1. By what distance, in whole Å, do the Cα atoms of region 20-178 stretch along each of the three principal axes, largest value first?
2. To make sure I understand, if each residue's beta carbon is the centre and we count other beta carbons within 10 Å, what order do 163, 223 fall in, fewest to most?
3. Tell me, 193, 234, 144 in order of fewest to most beta-carbon neighbours within 10 Å?
4. Mind pulling up the Rg/Rh value for the chain? Radius of gyration and Kirkwood radius, both on Cα.
5. I need to check one value: relative contact order of region 108-171, counting alpha carbon pairs closer than 8 Å and at least 6 residues apart, in percent.
6. Considering the alpha-carbon set of region 92-187 alone, what are its Rg and its Dmax in angstrom?
7. Over region 23-268, what relative contact order in percent results from Cα pairs under 8 Å that are six or more residues apart?
8. Once you put a point 7 Å from the Cα of residue 168 and another 7 Å from the Cα of residue 235, both along the Cβ direction, what distance in nm separates them?
Ligand SMILES: C[S@@+](CC[C@H](N)C(=O)[O-])C[C@H]1O[C@@H](n2cnc3c(N)ncnc32)[C@H](O)[C@@H]1O
């Protein structure tokens, strides 16, 4: 997969200190492209479950650096619109787009400004988790509004296990995660993820899970390729502030690994 040349593209997080920057932009600045918890394998499963066809009008919420956009475009959909709130990320995504039917707008998934019933497939990865319950509901409602009846909505997010996880343990995990990644992290259990989709009218069609191994060496190589994974490791080793941040993130992920997972769900907006 071709990746943008960082020397030519401003990366998100410009102007923020490495100490305070959201974890995903810190990783992006170290060279990481794949910023979702289940990695490319779970992304591929989500895309397969979405069954993208040449007649589909695709919308991606929060495409980040455009890695999934490139995979989704291999299905040759009729159109693609990314809705990304970070301007520098949107510029990066645009570099993967090649026709007038493919565009990336700077905007918020809660209120995309896209016409109602204008998409047949919507998906978003590693973005609902960072929102409050109210914002999650607003984003899912917006997906419902923009989708045509019969449209499919895919999500790939961070998940808590087991379903019966004690509330105090949950609170500790949310607190530790938010401290480490400097973004409010609010993952849900499998039934809770289903419930937030169903609350807005969606029918869940498929659920898949994968280990949350975002910063584990094996997953890094699977997602980024050996050369890029080595480059990322080198960049982190050479930057003490980044090294401290990445170590802190990895420590929290490992501390709570028994209770963290990645989940991909595909849901349907029914015809009636
Ligand atoms: C962890 S990154 C994930 C990026 C990409 N989806 C991936 O999985 O590699 C989170 C992304 O969500 C974007 N984002 C967060 N909230 C958003 C919102 N309400 N609307 C649009 N984009 C949003 C951020 O700018 C960032 O690109």
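A short reminder: the numbers here are calculations on the coordinates, not readings from a lab. No experiment lies behind these values; they were computed from the predicted model shown. Cβ: placed from backbone, ideal geometry, glycine included. Neighbour counts: every protein chain shown.
1. Here the spans come out as 48, 37, 29 Å, largest first.
2. Sorted ascending by nearby Cβ count, the order is 163, 223.
3. In increasing order of surrounding Cβ atoms, one gets 234, 144, 193.
4. 0.94
5. 44
6. 16.2, 50
7. Values: 454 pairs, mean separation 65.2, N = 246.
So the answer I get is 26 percent.
8. 4.1
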